[in-house]
1. For region 161-175, name all the residues that are over 13 Å from Lys31 (Cβ atoms) and either assigned to a loop (DSSP other than H, G, I, E, B) or touching a residue at least 12 places away in the same chain (Cβ under 8 Å) (or both).
2. Pairs needed: first member in region 65-91, modelled with pLDDT under 90; second member anywhere, in a loop (DSSP other than H, G, I, E, B); C-beta distance under 6 Å; at least 6 residues apart or different chains.
3. Exactly one condition in (1) farther than 23 Å from Met267 by Cα; (2) out of contact with any strand residue (DSSP E or B) (no Cβ under 9 Å at 6 or more places or on another chain); (3) part of a helix (DSSP H, G or I); (4) touching a residue at least 12 places away in the same chain (Cβ under 8 Å) is not met by Lys339; state its number.
4. Within region 182-228, how many residues turn out to be closer than 16 Å to Ser270 by Cα and either assigned to a loop (DSSP other than H, G, I, E, B) or open to solvent by less than 10 Å² (accessible area, probe 1.4 Å) (or both)?
5. Restricting attention to region 88-120, which residues are closer than 19 Å to Val23 by Cα and hydroxyl-bearing (Ser, Thr, Tyr)?
6. Which of the residues belonging to region 142-157 are touching a residue at least 40 places away in the same chain (Cβ under 8 Å) and within 15 Å of Lys132 (Cα to Cα)?
7. Report, by residue number, each residue of region 244-298 that is open to solvent by 10 Å² or more (accessible area, probe 1.4 Å), free of Cβ contacts under 8 Å to residues at least 40 places away in the same chain and of a type in the set (S, T, N, Q).
8. So Asp59 clears everything in (1) among the acidic types (Asp, Glu); (2) outside any loop (DSSP other than H, G, I, E, B); (3) open to solvent by less than 50 Å² (accessible area, probe 1.4 Å) except one condition, right? Which one?
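The values are calculated or read from the model by the stated rules, or taken from the named source; none is laboratory data. Since the model is a prediction, treat every value here as computed from it, not as a measurement. Neighbour counts run over all protein chains shown; Cβ positions are idealised from the backbone, glycine included. Each accessible area value is taken on the protein alone, full model and side chains, heavy atoms only, with ligands, DNA and RNA left out. Shrake-Rupley method; radii C 1.70, N 1.55, O 1.52, S 1.80 Å.
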Amino acid sequence: MINLKNEKIDTICVLMMGLLGDVLMRTPLIKELKNLYPNAKIIVIVDPIGKEVLQNNPDIYEIIVLNRSKKNIFKYLYRKIEIQIKMIIKSFDLVIDLYGGSSTYNMTKLSLSKYQIGFKSGKIWTNKNFIKNELEINFKNKYHLTNKLFEIFRYFDLKIDNLDTTPFLYTTTESEINIKEYIKSFEYSNYYLISLGSGGIEKILDMSLTFELIKYIYEKYNMIPAVILNPGQEYLQKQLINDFLIPNNIKYIQLKYLSIEDLAILMKLSDFIIVPDTGLYHMAVAIKIPIYSIFTYTNPKLVEPTNGIYKLVFKEDKTLEENKKLELKFGTKDIELSKLTNDFDEFYIDFRK
């Protein structure tokens, strides 16, 4: 049997396609791989958003982008074949599929790499008879989505229940200088960040309720919302400002479009962020700023940070029949304003300590 921890691994390819939050949640595994094989070159294959997230990561040697848009099927197939050929030519010592789709499973198998580990139908598969650590695992948060990903380290003879699930996101000094200049243009200094957008409409709180929370924070704490512009959902920023903030004389800052890196720096330099269940939530976890996050569908136990100052607001949906059968319940948008404000008061006191 093969003990991967003792094998000579010089090149590693990691397939980690997915959205912003998906990529960020997998970054702790990249860090652990680099710790295991400090001299190995780690190459990642990602969607375009993944390149933005990982471009400054010092543990990554090369980023290969696979645009999976099928608007032009010929371009998509050409790019996929091109990358597959590149994987074969590079002759990786180890390929790890952290995405777990049928497409990435095939890419891993066809890579002809010496060692392969991946996920298929939610279960780990390997191409060799590796030694597996069978120690009992007691994760700090047994529900966290990354737990099953960390399970791959059983094949590297690592004790994995004490690994930190906090994502990594790196920025440059040049971008920090630019954002500090941008902040100088703000009319107000007593601001916080608020993001309205999310990948699914079921994850977005009703706009009128969001406004009532903003109004409460404005009147009680004299804090000004800096409204993030979410690409593809620009209408949310416009609607909040034009339909709610301006008519009610609430001061605000209308943020311009910012890259992932620039937004990460702005987060670092801000007091706190209000954000739904979205990729920006995972960015805030990575940056380690205070987070007030409202979960209207996903149970926050699945993505709760290991450490930090945060308040994850959640209310179970008692009208869902399927919730009766689940250990972790789905949430509802029907959250009372009093809960939102009371939870915010607790959060505000926490991060002001």
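1. Scanning region 161-175 gives Asp161, Asn162, Thr171, Thr172, Ser175.
2. So the pair list comes out as Tyr76/Lys70.
3. Every condition holds for Lys339 apart from (2).
4. 19
5. Result: Tyr99, Ser102, Ser103, Thr104, Tyr105, Thr108.
6. Answer for region 142-157, where residues must be touching a residue at least 40 places away in the same chain (Cβ under 8 Å) and within 15 Å of Lys132 (Cα to Cα): Leu149, Phe150, Ile152, Phe153, Tyr155, Phe156, Asp157.
7. Asn248, Asn249, Gln254
8. The single condition Asp59 does not satisfy is (2).
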